[in-house]
Amino acid sequence: MNNRNADVKLSFEFFPPKSDEMERQIWIAVDGLKRWNPDFVSVTYGAGGSTRDTTLTTVAGMIAEKGLAAASHLTCVGSTREEVADIVAEFKAAGVRHFVALRGDPQGGIGTAYQPHPGGFANGAELTAGLRAMGNFEISVSAYPEKHPESADSAADIDMLKRKADNGATRALTQFFFDNDVFARYIDRVRAAGITIPVVPGILPIQNLAQVKRFARLCGASVPGFVDAALAPVEDKPEEHAKRSAELAARQVEGLRALGISDFHFYTMNRAPLVSDVLERTGLFGDRGAVASKAA
Ligand code: FAD
């Protein structure tokens, strides 16, 4: 029995493997994290359908072989509505009942202008409505506590989230952030806009600070000074880096819990040890992981 706090929910995000070694790695990570009894796991989807086959085989394996409730991310950039419907039917046949519905990054890359496909869904809100019409799926969507870089302002961003919720989204998963005050202010604005679906914080335990800083710059997330101060001095000391990283993420989760947050979505980067360390340090998620990992 996992003695996790009854109202705490947990999900893990993975990305589809690009090589045999990565394939080996993801299943080690899935097996390592399965003991935390996640409410669901999810597998990302390359914009433009670049990972369609590997996303499908990975998510299908999680459902059929690992017995996990698994969601597939789905982007609509560059696809017609009919193409999206075909993909959804294919994933449904493989047992997928939960999609993370996304527009996807512009085809020219982050920072270039987004061109909706003339016969396709223009954004995450339209895709949500399309999916809702295609079946009784659970639909998660994206949310951006520090605003999406393409949004004119925070109000436009929250308006998009409202449209997604109105169109049938069941929860929002946020972009990663490290400052809980940013999230608290965001939630206040979301609730003031009448959005009632759960908005689940995306937690990113940092495996590689330089990489996270680069990615944060691209996607409009900030890396606060306290994160830099804790990790930059130990970038070349992997063990100390991992320890401090786990401690930072554990304190973040505890801080969010103190704000009344009960659902947590972890960006795993297809690695189990750091995420397990975070979960053990908080004590919120039961002790089964700790016992099992020590026995392994
Ligand atoms: P949307 O929410 O549709 O749009 C983003 C913002 O742009 C909106 O808030 C809105 O303000 C503005 N905007 C969009 N359309 C319009 C419009 N017509 N008029 C005015 N403003 C508009 N990417 C992948 O490729 N694969 C993945 O698997 C993936 N998974 C993700 C999971 C999570 C939890 C998150 C947070 C992001 C993920 N992404 C993924 C990244 C995502 O694809 C990018 O951030 C993309 O640029 C936006 O997609 P979206 O669905 O969030 O866009």
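Cβ separations smaller than 8 Å between residues 6+ apart or across chains give the following pairs from the range 118-130 residues that are within 19 Å of His148 (Cβ to Cβ) to residues that are hydroxyl-bearing (Ser, Thr, Tyr) and within 9 Å of the ligand (Cβ to nearest atom): Gly124/Ser142.
Out of the range 92-114, which residues are hydrophobic (A, V, I, L, M, F, W, C) and within 13 Å of the ligand (Cβ to nearest atom)?
Quick first cut of the range 92-114, residues hydrophobic (A, V, I, L, M, F, W, C) only: 93-94, 96, 99-102, 110, 113.
Within the range 92-114, Phe99, Val100, Ala101, Leu102, Ile110, Ala113 meet the criteria.
Total residues in the range 124-161 satisfying the condition of being more than 12 Å from the ligand (Cβ to nearest atom) and of a type in the set (Phe, Trp, Tyr): the figure is 1. Residues in the range 188-233 that are without any contact (Cβ under 8 Å) to a residue 40 or more places away in the chain and closer than 19 Å to Ala155 by Cα: Asp188, Arg189, Arg191, Ala192, Ala193, Gly194, Ile195, Thr196, Ile197.
Residue pairs whose Cβ atoms lie under 7 Å apart, sitting 6 or more positions apart in sequence or on different chains, and linking a residue in the range 98-115 that is without any contact (Cβ under 8 Å) to a residue 40 or more places away in the chain to a partner that is among the hydroxyl-bearing types (Ser, Thr, Tyr), are Arg103/Thr75; Pro106/Thr112; Pro106/Tyr114.
Only the coordinates and a few stated rules stand behind these numbers; no lab work does. This structure is a prediction, so every number in the text was calculated from the model and none was measured. So basically every Cβ, Gly included, is an ideal-geometry build from the backbone, and we count neighbours across all protein chains shown.
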